[in-house]
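Undergrad: Dropping the structure in here first, questions after.
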Amino acid sequence: MPPPKVSIIIPVYNVEKYIRRCIDSVLSQTFTDFECILVDDCSPDKCPEICDSYAKLDGRIKIFHKKQNEGLPQARKTGFENSSGEYIIFIDSDDWIEPDMIEKLYSAAFESNADIAACDFYKYNEHGYEYGIQTLDTVNYLNNLGFVHWCAVWNKLIRREIVNLIEFPKAGKYEDRVITQQALYFSRNIVKVPCPLYHYAYNQESTFREINVKTYSDWVENILFAINFLHDNLKEKFVLKENNINRYVNNFKLNIIMNKELRREKHLLNFYPQSGFKSWLFLYLLKSAVKAIMPHGLFLLLYKRKN
């Protein structure tokens with residue numbers, strides 16, 4: 001049989017309460033020429049049994065049980081290495097998708113011969129939901145680089161040849177930016193489907209939400225991974241992205257110093273000194289102080305004139 005047009009890859013770990021909703025949304029797709037690859041990353045709950053039961057019900061589902069837990073990005077890599085689709089999409093196991101998501105993304109990619117087809121999404125939390133807009137420049141790929149847009153990988157259908165060029169990081173937290181920056185760099189034809197097709201659930205129970213030294217150390221590792229990738233590949237054009245990168249790094253460090261536990265870890269503050277954090281922080285605090293004592297309208301007027 002010919003390979004499927006789309007491979008849907010779902011890493012699975014400790015999502016027993018949500019995995020059925022995710023898989024059911026995949027099996028409800030109006031587009032049927034796909035394979036669904038479930039990668040059990042040594043999940044400690046009933047997810048392995050649940051995945052096995054779905055694999056018995058539908059031949060398009062393949063299940064891979066890893067021998068040791070290696071984290072989300074390596075689970076995605078395992079899924080990709082065992083896939084055969086023309087296009088690849090990575091879906092998080094505690095989320096779900098609209099019934100026509102794959103059809104709309106594949107149609108847009110096929111008609112435009114695109115390397116990436118992306119869509120908008122809904123973001124859910126304990127207070128409700130909001131519409132998330134995926135901003136992308138479909139003309140100049142450089143404008144998509146440098147940490148300027150929503151970094152999620154799960155709302156993007158990516159051509160197989162592009163994914164094959166990606167180096168998946170080892171660190172398991174906040175790794176989406178590493179993957180998407182590579183995909184957006186290698187892609188020269190991007191199309192946007194301007195409607196929300198993905199449902200992103202903010203799962204407070206996820207280990208992804210943990211605020212601790214390990215989580216933020218992984219974050220630092222992946223920030224540096226993405227920066228080094230851009231520096232090595234953009235070469236002289238890297239200077240065009242430095243302001244955006246420095247702003248992102250400095251806002252990250254600002255979050256660190258606001259946390260008593262994290263700010264004791266000097267490596268979380270001292271990485272990438274090129275961002276000029278101390279000078280940035282001084283100006284940030286100065287602006288905050290001026291804003292606190294100055295009438296709001298006058299502050300905005302002066303700020304706009306300066307910038």
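What follows is calculated from the coordinates using simple rules that are stated; it is not laboratory data. Keep in mind that this is a model prediction, so the values were computed, not measured. FYI the Cβ positions are ideal-geometry reconstructions off the backbone, even for glycines, and counts take in every protein chain you see.
Undergrad: Compute the angle between helix 101-112 and the longest alpha-carbon principal axis of the chain, please, reported from 0 to 90 degrees and rounded to the nearest 10.
TA: Rounded to the nearest ten degrees, it is 80.
Undergrad: Determine the sum of side-chain charges near E98: Lys and Arg each +1, Asp and Glu each -1, restricted to other residues whose C-beta is under 14 angstrom from that of E98. Walk me through the numbers on the way to the answer.
TA: Details: positive: R21, K104; negative: D24, D95, D100, E103, D120.
Every neighbour counted, the sum reads -3.
Undergrad: Could you pull out every residue, at least 5 positions away or on a different chain, whose amide H is within less than 5 Å of the one on I63? Hs are placed 1.01 Å off N in the peptide plane, and Pro or chain starts have none.
TA: Close amide H contacts, sequence-distant or interchain: L38.
Undergrad: Also, I was wondering about something else. Might you report the magnitude of the Cβ-based charge dipole of the chain about its Cα centre, with Lys and Arg at +1 and Asp and Glu at -1, to the nearest 20 debye? If you can, show how the numbers build up before the last one.
TA: Values: 39 positive and 38 negative charges, 337 e Å.
Its charge dipole is roughly 1620 debye.
Undergrad: Points 7 angstrom from Cα along the Cβ direction at F31 and S279: gap in nanometres?
TA: Result for the modelled spin labels: 4.7 nm.
Undergrad: Out of residues 5 or more away from G132 or on other chains, whose amide H comes under 5 Å of its own, with H placed 1.01 Å from N in the peptide plane?
TA: Correct list: F121, Y122, K123.
Undergrad: In terms of modelled amide H atoms, which long-range or inter-chain residues lie less than 5 Å from the amide H of C195?
TA: D120
Undergrad: I've got another one for you. Give the angle, between 0 and 90 degrees and rounded to the nearest 10, that separates the Cα long axis of helix 72-81 from the longest principal axis of the Cα atoms of the chain.
TA: Helix 72-81 sits at roughly 40 degrees to that axis.
Undergrad: Among residues other than C195 whose Cβ falls under 9 Å from its Cβ, what is the net charge (Lys/Arg +1, Asp/Glu -1)? Please report the intermediate quantities before stating the final value.
TA: Values: positive: K104; negative: E98, D120.
Once positives and negatives cancel, what remains is -1.
Undergrad: Could I ask something else about it? List K170, K77 from most exposed to least, where exposure is judged by having the fewest other Cβ atoms within 10 Å.
TA: Working: K170 15, K77 21.
So the residues, fewest neighbours to most, are K170, K77.
Undergrad: Let me ask another. How would V290, V12 line up from fewest to most surrounding beta-carbon atoms within 10 angstrom? If you can, show how the numbers build up before the last one.
TA: On the way: V290 13, V12 30.
Neighbour counts put them in this order, fewest first: V290, V12.
Undergrad: Given an 8 Å cut-off on Cα distances and at least 6 residues of separation, report the relative contact order of the stretch 6-208 as a percent.
TA: Details: 426 pairs, mean separation 51.7, N = 203.
Computed over the stretch 6-208, the figure is 25 percent.
Undergrad: For the chain, which longest stretch is free of loop sites, where a loop site is one of the GluC sites (Glu not before Pro) that DSSP puts outside H, G, I, E and B and that has at most 13 other Cβ atoms within 10 Å? Walk me through the numbers on the way to the answer.
TA: On the way: sites that count: E126, E167, E205, E210, E261.
The segment 1-125 is the longest one with no such site.
Undergrad: Now for a different question. Check the straight Cα-Cα distances from K173 and name the aspartates and glutamates below 15 Å, setting aside those fewer than 8 residues away within the same chain.
TA: Partners within reach: D41, E70, D92, E205, E210, D218, E221.
Undergrad: What does DSSP give for the stretch 6-208 in terms of the percent of beta bridges that are antiparallel, rounded to the nearest 5?
TA: Values: 12 of 37 bridges.
Taking every DSSP beta bridge within the stretch 6-208, about 30 percent pair in antiparallel fashion.
Undergrad: To the nearest 10 degrees, how steep is helix 277-293 against the longest Cα principal axis of the chain, on a 0 to 90 scale?
TA: Roughly 70 degrees between the two axes.
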